């Protein structure tokens, strides 16, 4: 992104459905903490948002994706964004399991068409497009732990190039009991001392219009190998008040952050996965949380790794993510003036 | 015939995930597609699969579906005449 013109990019609105109270910022004042190793999302009343006749075929991930997208579109006043870009690690895994289980149980004939049609990764983004009659750019990224980051990068590049002025960026993942048991065996989640596995649906409206926004995305960089992280990668335009990391309690995940800690600006370390859980698109909830903290100008004490006091007057947060100790992303987010 | 109509209504509700409906909500002669129940082309696919699974009826001519799936009564008539199980 080095030669791309620096058009300023803002997050206008953002919301979530997760293991915290849905589509609410109550986690900042009354965070839910759990000792469970696997927590399903708390869903809102879908009936208040979706026509039951239209939503009857939709799995939970699709309902969550639609509702978060509808809320963000409504709140931002941008009903038809120029792009819909989604990150998802597993896509519609619940429908995939239903389809495959039926295939194993009953053979290859008489399979339910709905499960098959709605089992692909790009079902999510295309459904948001169809539902909102949004006929512009529509794309899906499925890159494990940087799925959401890749979607975000696509939007930022297109906005910096001047191709689009706004974009709806979403991240969606569901975790079924079967998939949780697989992830648990791999050690990714479900071990002593780790954050819970949690489903994630997040939507945010990016825009080049500075009026009435949550925060500005000042800089975004993605670096494949940590050896290539240099001073120019981490150079920010001013002091950083806090650094938000995806610490999860999983040894290799947390080591990947510690490995680069010496290269990062000096600031209190924050975490978010103990509140929102671990999933392939958890980083989207990190970006959402940072945006809301900048809007409020406050970092709640529960976010601090060192157990310190709340941080007031927050102006700049540095968000770091990685996937398997590679593909580091660095996002500088600044309070909107 | 009455029992077949009732079973068909239950099967339609289950196959199409019409969770808020009961068999009493579906009129025997009301159109299933467009007006009436308001089903769509994906529902038609689900109904074709349901007919084969439950009654052993394979609908080979897609254009015949329009008449067969006109209402619950037309479905029941077709099932009665063609069922293999």
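Considering segment A:297-313 alone, what residues qualify as being in contact (Cβ under 8 Å) with a residue 12 or more places away in the chain and surrounded by fewer than 21 Cβ atoms within 10 Å (Cβ to Cβ)?
Taking segment A:297-313 and keeping what is in contact (Cβ under 8 Å) with a residue 12 or more places away in the chain, we get A:297-300, A:302-306, A:308, A:310-313.
Across segment A:297-313, the qualifying residues are A:297, A:298, A:300, A:302, A:304, A:305, A:306, A:308, A:310, A:311, A:312, A:313.
Which of the residues that make up segment A:101-116 are surrounded by 12 or more Cβ atoms within 10 Å (Cβ to Cβ), without any contact (Cβ under 8 Å) to a residue 12 or more places away in the chain and more than 10 Å from every other protein chain (Cβ to nearest Cβ)?
A:101, A:103
For residue B:47, indicate whether it is in contact (Cβ under 8 Å) with a residue 24 or more places away in the chain and within 13 Å of chain A (Cβ to nearest Cβ). Reasoning before the result, please.
Values: in contact (Cβ under 8 Å) with a residue 24 or more places away in the chain: yes; within 13 Å of chain A (Cβ to nearest Cβ): yes.
Judged against the criteria, residue B:47 is a match.
Kindly state which strands (runs of 3 or more DSSP E) lie completely within segment A:200-272 and contain at least 3 residues that are more than 16 Å from residue A:318 (Cβ to Cβ), in contact (Cβ under 8 Å) with a residue 24 or more places away in the chain and outside the structural domain of residue A:283 (by TED's automatic domain parsing).
Numbers: elements: A:200-207, A:215-223, A:242-245, A:269-271.
In segment A:200-272, A:200-207 are the strands (runs of 3 or more DSSP E) which contain 3 or more residues that are more than 16 Å from residue A:318 (Cβ to Cβ), in contact (Cβ under 8 Å) with a residue 24 or more places away in the chain and outside the structural domain of residue A:283 (by TED's automatic domain parsing).
Using the structure shown, decide if residue A:76 is farther than 24 Å from residue A:210 by Cβ, more than 14 Å from chain B (Cβ to nearest Cβ) and at pLDDT 95 or above.
Values: farther than 24 Å from residue A:210 by Cβ: no; more than 14 Å from chain B (Cβ to nearest Cβ): yes; at pLDDT 95 or above: yes.
Here the answer is no, as residue A:76 does not meet what is asked.
Just to be sure, is residue B:42 surrounded by fewer than 17 Cβ atoms within 10 Å (Cβ to Cβ), part of a helix (DSSP H, G or I), touching a helix residue (DSSP H, G or I) at 6+ places or on another chain (Cβ under 9 Å) and at the interface with chain A (Cβ under 10 Å from one of its Cβ atoms)? Steps first, please.
Working: surrounded by fewer than 17 Cβ atoms within 10 Å (Cβ to Cβ): yes; part of a helix (DSSP H, G or I): yes; touching a helix residue (DSSP H, G or I) at 6+ places or on another chain (Cβ under 9 Å): yes; at the interface with chain A (Cβ under 10 Å from one of its Cβ atoms): yes.
Answer is yes for this residue.
Taking residue A:70, is it more than 22 Å from residue A:156 (Cβ to Cβ) and in a helix (DSSP H, G or I)?
Values: more than 22 Å from residue A:156 (Cβ to Cβ): yes; in a helix (DSSP H, G or I): yes.
Yes: the conditions hold for residue A:70.
Within segment A:63-90, work out how many residues are under 16 Å from residue A:141 (Cα atoms) and crowded, with 24+ Cβ neighbours inside 10 Å. Let's see the steps before the verdict.
Initial filter on segment A:63-90 (under 16 Å from residue A:141 (Cα atoms)): A:65, A:83-90.
Still in the list and also crowded, with 24+ Cβ neighbours inside 10 Å: A:65, A:83-89.
Number of matching residues: 8.
Got a number for residues in segment A:52-66 being within 11 Å of chain B (Cβ to nearest Cβ) and assigned to a helix (DSSP H, G or I)?
Residues of segment A:52-66 that are within 11 Å of chain B (Cβ to nearest Cβ), as a first pass: A:52-59.
Narrowing further to those that are assigned to a helix (DSSP H, G or I): A:52-55.
Residues that pass the stated criteria total 4.
Looking at the structure I just gave you, is residue A:86 closer than 30 Å to residue B:52 by Cα, touching a residue at least 24 places away in the same chain (Cβ under 8 Å) and not in a loop (DSSP other than H, G, I, E, B)?
Numbers: closer than 30 Å to residue B:52 by Cα: no; touching a residue at least 24 places away in the same chain (Cβ under 8 Å): yes; not in a loop (DSSP other than H, G, I, E, B): yes.
No, not satisfied.
Within segment B:12-37, work out how many residues are surrounded by fewer than 18 Cβ atoms within 10 Å (Cβ to Cβ) and either farther than 14 Å from residue A:57 by Cα or more than 8 Å from chain A (Cβ to nearest Cβ) (or both). Working first, answer last.
Start the filter on segment B:12-37 by keeping residues that are surrounded by fewer than 18 Cβ atoms within 10 Å (Cβ to Cβ), which leaves B:13-14, B:17, B:19-25, B:27-31, B:34-36.
Remaining after also requiring either farther than 14 Å from residue A:57 by Cα or more than 8 Å from chain A (Cβ to nearest Cβ) (or both): B:13-14, B:21-25, B:27-31, B:34-36.
The number of residues fulfilling the criteria is 15.
Looking at residue A:48 and the list (1) in contact (Cβ under 8 Å) with a residue 40 or more places away in the chain; (2) away from every other protein chain (no Cβ under 14 Å); (3) more than 26 Å from residue A:164 (Cα to Cα), which single condition is not satisfied?
The failed condition is (1).
Let's see how each residue does on (1) more than 29 Å from residue A:130 (Cβ to Cβ); (2) touching a strand residue (DSSP E or B) at 6+ places or on another chain (Cβ under 7 Å); (3) part of a loop (DSSP other than H, G, I, E, B):
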| position | (1), (2), (3) |
| --- | --- |
| A:12 | no, yes, no |
| A:23 | no, yes, yes |
| A:36 | yes, no, yes |
| A:47 | no, no, no |
| A:50 | no, no, yes |
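Only one of (1) under 21 Å from the mean Cα position of the chain (by Cα); (2) over 30 Å from residue B:52 (Cα atoms); (3) within 14 Å of chain B (Cβ to nearest Cβ) is not met by residue A:127, so which one is it?
Failing condition for residue A:127: (2).
I'd like the full set of residues that are in contact with a helix residue (DSSP H, G or I) (Cβ under 6 Å, 6 or more places away or on another chain) and not in a strand (DSSP E or B), limited to segment A:296-308.
Kept after step one, since they are in contact with a helix residue (DSSP H, G or I) (Cβ under 6 Å, 6 or more places away or on another chain), are these residues of segment A:296-308: A:299-300.
Listed by number, the list holds a single entry, A:300.
From the set of residues in segment A:175-196 that are under 21 Å from the mean Cα position of the chain (by Cα) and assigned to a loop (DSSP other than H, G, I, E, B), which is surrounded by the most Cβ atoms within 10 Å (Cβ to Cβ)?
Taking the candidates together, the pick is A:175.
Can you tell me which residues in segment B:61-85 are part of a loop (DSSP other than H, G, I, E, B) and under 14 Å from the mean Cα position of the chain (by Cα)?
Across segment B:61-85, the qualifying residues are B:69, B:70, B:71, B:83.
The values are calculated or read from the model by the stated rules, or taken from the named source; none is laboratory data. All of these numbers come straight from a predicted model, not from anything done at the bench. Quick reminder, even Gly has a Cβ in these numbers, built from the backbone with ideal geometry, and neighbours come from all protein chains shown.
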